[in-house]
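Read the structure below first, then the notes.
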Amino acid sequence: MNTVLRLALQKSGRLSDASVQLIEACGIRFSRANNRLRCLTDNFPLELLYLRDDDIPGYVADGVADAGIVGENVVAEKRQPVELLERLGFARCRLAIAVPRSTPYDGLADLEGLHIATSYPNLLSDFLRENGIEASIHEISGSVEIAPSIGLADAICDLVSSGSTLLSNGLKEVETVMHSEAVLIGRPDLPPEKAALLDALRFRIQAVLKAQNFKYILLNAPNGAIDRIVELLPGMKSPTVLPLAESGWSSVHSVVNENDFWEVIENLRAAGAQGILVVPIEKMIV
Ligand code: PRT
Ligand code: ZN
């Protein structure tokens, strides 16, 4: 039988759409029939399993799935023997401790003796132990943010992204326990044929992620400005410089990192660049 790699994705939730989009951006085609919990892809030896996110680290550790896409927070909480292979850059959030806005808070010592409600008892107890704080942990599985207002806890430890849920529940964020994003995890002991498939998938994922961080840039400049412009645009190896039909002018092509994009553009304009075009890159193989 041909080897197929089994990849676990969240069935429905905050990770689902972005996980599917990432697989599609890797050029892998599939159609998911309604409510099916597994599906084979058309043009890559890959089977997708749709699971609850909490179950993904365990299924990967047990070998039911070979790899999975899940929040780093869930991987850290579940403490299963899986390997973190790639950070995927979506579903960014933080696990944070929050107290009612009316509670004075000057630092970690103020958590001493409190009852803290959370769905992340392992991560919270590690954090409290590392900081020498004795507090009691009340594990609940959902709606953590209402625990203080119904008298169930003095504080909470929950995921935060925009902060608006805390705000609307009269809470303030006081400590960060961990930062998280979606990650690709894998079984450490994959047989060689499956390991080769996982490597091929990772290669495609890396190309997609790199492309997301870079833009392709084209500009025109007088020849006298080219040296300075080339310095500002290192590119993948070095920028391409082509003569324009108008003598004394050249066109420069390169890639630029999303993070320092605006600073680079301003510096390029100051150096004499004109007609700057910036276009997205679909895949980037370096
Ligand atoms: O059904 P299943 O068990 O699969 O899903 P789930 O309900 O357990 O998880 P889901 O879909 O809510 O979240 C999946 C993953 O998304 C999490 O494990 C995180 O890795 C990531 N993620 C990113 C978040 C958030 N941001 C987030 N804001 N998960 C949950 N939240 C919740 C948070 O718990 C709180 O209730 O959103 C609220 C806070 O959001 P803000 O924007 O108001 O701060
Ligand atoms: Zn869950």
Inset, instruction - Could you list Ser141, Ser136 in order of exposure, starting from the residue whose Cβ has the fewest other Cβ atoms within 10 Å? - result: Ser141, Ser136
Legend entry - Summed residue charge, Cβ within 15 Å of Pro222's Cβ, Lys/Arg positive, Asp/Glu negative: 0
Legend entry - the chain - mean residue ellipticity at 222 nm from DSSP helices (-39,500 (n - 2.57) per run, n ≥ 4, rounded to 500): -8000 deg cm²/dmol
Inset, instruction - Using only alpha carbon pairs under 8 Å that are at least six residues apart, calculate the relative contact order of the chain and give it in whole percent. - result: 19 percent
Inset, instruction - May I ask for the Kirkwood hydrodynamic radius of the stretch 9-127, worked out over all distinct Cα pairs and given in angstroms to one decimal? - result: 16.7 Å
Legend entry - Calculated log₁₀ intensity ratio I(q)/I(0) where the Debye formula runs over C-alpha points of the stretch 61-188, q = 0.12, 0.20 Å⁻¹: -0.48, -1.10
Inset, instruction - Enumerate the aspartates and glutamates that Lys237 could reach by cross-link, defined here as Cα to Cα under 17 Å, with residues fewer than 8 away along the same chain left out. - result: Asp227
Inset, instruction - Provide the FRET efficiency to the nearest 0.05 for the Ile140-Gln80 pair, computing r from the beta carbons and using R0 = 35 Å. - result: 0.95
Legend entry - 0 to 90° range, to nearest 10: angle between helix 121-130 axis and the chain longest Cα axis: 90 degrees
Inset, instruction - Given a cut-off of 27 Å, name the pairs among Lys172/Lys210; Lys11/Lys194; Lys78/Lys210; Lys11/Lys215 whose C-alpha atoms lie farther apart than that in the structure shown. - result: Lys172/Lys210; Lys78/Lys210; Lys11/Lys215
Inset, instruction - On a C-alpha basis, how far is the centre of the stretch 69-121 from the centre of the stretch 174-191 in Å? Whole number, if you could? - result: 13 Å
Inset, instruction - Pop the C-beta distance of Asp17 and Asn43 into the FRET formula with R0 = 22 Å and round what comes out to the nearest 0.05. - result: 0.55
Legend entry - On Cα atoms only, tilt of 192-213 relative to the major axis of the chain in degrees: 70 degrees
Inset, instruction - Among Leu242, Leu166, Leu201, determine the one that fluctuates most according to a GNM of the chain built with springs between C-alpha atoms less than 10 Å apart. - result: Leu242
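Every number in this text was worked out from the coordinates using simple rules, so none of it is lab data. Remember, predicted model here, so these are calculated numbers, not experimental data. Here Cβ is always computed from backbone atoms with ideal geometry, including for glycine, and neighbour counts include all displayed protein chains.
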